[in-house]
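Peer 1: Following this message is one structure expressed as structure tokens.
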Amino acid sequence: MKFRPHAYQAHCIQKIIEIRKLGLFLDMGLGKTVTTLTAVKELKYNRFEVRKVLVIAPKKVAEGTWTKEKDKWDHTRMLRVSQVLGSQAKRIRALNTPADIYIINRENVAWLVDYYRNAWPFDMVVVDESSSFKSHKSKRFKALASMGGHIGRMVELTGTPSPNGLNDLWSQVFLLDGGERLGKRYTQFRERYFDPGDRGNNVIYNYRAKPGSEESILEKISDICISMKAEDYLQLPDVTYHQVPVTLDARAEKAYREMERKMVLDLPEDEEQISVASAAALSNKLLQLANGALYDDGHGVHEVHGCKIEAFLELIESLQGKPALVFYNFQHDRERILGALGKSGLRIRELKTTDDEDAWNRREVDILLTHPASSAYGLNLQQGGNHVVWFGLTWNYELYTQANKRLHRQGQEEKVIIHHLVCAGTRDEDVMKALERKEDVQEWVMQSLKARIKKIKEETR
């Protein structure tokens, strides 16, 4: 696919090239990954300014997003990617594989720094979701900060740099400038911009920003940080569709393939005999499997994998408290989502009554969970948030569009971002393509299923 950058993307690409260490605070779904990849390609192959690039990302993002995004666009397809994931032996092997970009999950940053020490080879580092480095006490921050002198270029990517307040900014800015703008030590920064808040027994529980602190901090970092929300000239689309690729682990991949094969071999030999009903039943089974669980004949639930749940939690974390309307497809998905969010501390409600609708619109809810069929029509949810998350996809195009319109409608004051969790190599991808086509969805679903069936039967002959 040919990449035609929006004006704001072209602006950001240029800034990444111009500013050696840059914070790019751009909302999720607005193309941070392709923007950064385009700049990396320019810096490495046209300007010869970088040799090895390290991308630090949440685990599921590291597994799927960057590689998939690189392969999506004509101009970045030639970039070589090595995923530094898995066991120590696998990580070391990946580090010794010739590549342009090395991707590691944030939990292994301290290990990576210890592995290389003074022989650090990466002259450019991209921190995807830099807000996960907001704690100046964390091992990952201390490890990466210790390599500051070896890193010639850095790009920090996040939609929400200060989810808990201005104090979250210090460590992220320190990684960019070594303390030049906000102070060499966190205590310096805190004394300058904050006053002690609640206290008891000689213990200070929190700190409150002094009057004028926000303006002062933002002014100090404005030359090395770009916030898209602050740029009046940027023309963002009203709705942005964001695919979050989910990579199955080896066990889940094997389970999916075996079950898919078994279901396909039970179908009639003649593909013309495959009815719409049997195609829909098979599609639903495969969609369940992609989501991670499956109903048996007795309506019992068998959890097959947690890959999509893990990716979902990372996505919610990256929203940093921004409200999200979450759609599920099957009841077991609902139960697993509620279980996974149980200890998150977020305010979670299921959309059942007008009270739930009102609470959401009053911004008293962080996660509003619902099935598209029960919320596709008549509800006005546009005041409660601007993020939609599709945990499980539906190939009912009318249901899909009507559900999205709960937020994307008159009265919505923010750009709506619709996130889709798409399991790579599964029925999810077929359904996503069907929804993107917008017309003849049922026919497309049938044809794509027949193509999948044909491939599997040929492999078994």
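Peer 1: Would you kindly derive the ³J(HN,Hα) couplings of segment 403-419 from the backbone phi angles with the Karplus curve 6.51 cos²θ - 1.76 cosθ + 1.60 (θ = phi - 60°), listing them in order in whole Hz, with x for Gly and Pro?
Peer 2: 5, 4, 6, 5, 9, 8, 8, 4, x, 6, 9, 10, 5, 8, 10, 10, 9
Peer 1: Can you give me the distance in nm between label points at Arg117 and Ile348, each placed 7 Å from the Cα along the Cα-to-Cβ direction?
Peer 2: Those two pseudo-labels are separated by 4.5 nm.
Peer 1: Hey, another quick one. Specify which residue in the list Ser283, Leu267, Val127 is farthest towards the positive end of the charge dipole of the chain, using unit charges on the beta carbon of Lys, Arg (+1) and Asp, Glu (-1), about the Cα centre.
Peer 2: Val127
Peer 1: With the cut-off at 18 Å, tell me which of the pairs Lys70/Lys254; Lys32/Lys60; Lys72/Lys457; Lys32/Lys68; Lys32/Lys343 have Cα atoms farther apart than that.
Peer 2: Lys70/Lys254; Lys72/Lys457; Lys32/Lys343
Peer 1: Taking every pair of alpha-carbon atoms in segment 7-230, give the share separated by more than 31 Å as a whole percent.
Peer 2: The answer is 22 percent, as a whole percent.
Peer 1: Further, regarding this structure: Over the chain, what is the mean sequence separation of C-alpha contacts under 8 Å (at least six apart), divided by residue count, expressed as relative contact order in percent?
Peer 2: 14 percent
Peer 1: Once the Cα atoms of helix 250-265 and of the chain are each reduced to a long axis, what angle between those two axes, in degrees from 0 to 90 to the nearest 10, is obtained?
Peer 2: It works out to around 20 degrees.
Peer 1: Right, next: List the equivalent ellipsoid semi-axes of the chain in whole Å, largest first, each obtained as the square root of 5λ for an eigenvalue λ of the Cα gyration tensor.
Peer 2: 39, 28, 21
Peer 1: Could you give the dipole magnitude of the chain about its Cα centre, charging the beta-carbon of Lys and Arg +1 and that of Asp and Glu -1, in debye to the nearest 20?
Peer 2: Magnitude of the dipole: close to 1820 debye.
Peer 1: Still on this model: Quick one: order Asp333, Asp168 by neighbouring beta-carbon count within 10 Å, fewest to most.
Peer 2: Values: Asp333 25, Asp168 20.
Exposure proxy ranking, most exposed first: Asp168, Asp333.
Peer 1: If you don't mind, there's one more thing I want to ask. Quick one: P(r) of segment 102-236 from all Cα-Cα pairs, 10 Å bins, percents rounded to integers, in order of increasing distance.
Peer 2: 10, 39, 32, 16, 3, 0
Peer 1: So if we plug the beta-carbon distance of Ser138 and Arg77 into 1/(1 + (r/R0)^6) with R0 = 51 Å, what FRET efficiency do we get, rounded to 0.05?
Peer 2: The formula returns an efficiency of 0.90 here.
Peer 1: From the alpha carbon gyration tensor of segment 237-461, can you work out the equivalent ellipsoid semi-axes (sqrt of 5 times each eigenvalue) and give them in Å, largest to smallest? If you can, show how the numbers build up before the last one.
Peer 2: Numbers: eigenvalues 205, 74, 44 Å².
With the √(5λ) rule applied to segment 237-461, the semi-axes are 32, 19, 15 Å.
Peer 1: Then there is this: In degrees from 0 to 90, rounded to the nearest 10, what is the angle of the helix 276-291 Cα long axis to the longest principal axis of the chain?
Peer 2: Value to nearest ten degrees: 30.
Peer 1: Determine, for each peptide in 116-123, 281-288, 446-453, the mean count of other beta carbons within 10 angstrom over its residues, then list the peptides with the highest first.
Peer 2: Averaged packing, sorted descending, gives the order 281-288, 446-453, 116-123.
Peer 1: Peptides 124-132, 216-224, 12-20: what's the order by average Cβ count within 10 Å, highest mean first?
Peer 2: Sorting 124-132, 216-224, 12-20 by mean packing, highest first, produces 124-132, 12-20, 216-224.
Peer 1: Only residues of segment 207-227 count here: report those whose backbone N is under 19 Å from the spot 7 Å along Cα→Cβ of Glu191, or say none.
Peer 2: Those under the cut-off are 207-211, 213, 217.
Peer 1: According to a simple spin-label model (label point 7 Å from Cα along Cα-to-Cβ), what is the distance in nm between Lys90 and Ser216?
Peer 2: 4.9 nm
Peer 1: So how do Phe3, Phe189 line up by other beta-carbon neighbours within 10 Å, fewest first?
Peer 2: Phe3, Phe189
Peer 1: Report the rotationally averaged projected area of segment 1-102 based on its alpha-carbon convex hull, in square nanometres. List each step's numbers first, then the result.
Peer 2: Details: hull surface 26.8 nm².
Across all orientations, segment 1-102 yields a mean hull projection of 6.7 nm².
Peer 1: Within 10 Å of each residue's Cβ, count the other Cβ atoms and sort Tyr102, Tyr207 from fewest upward.
Peer 2: Ranked by crowding around the Cβ, least crowded first: Tyr207, Tyr102.
Read-outs: derived from the displayed coordinates by stated rules, not from any lab. For clarity, every value in this text was computed on a predicted model and none was experimentally measured. Virtual Cβ from ideal backbone geometry, glycine too; neighbours counted across all protein chains shown.
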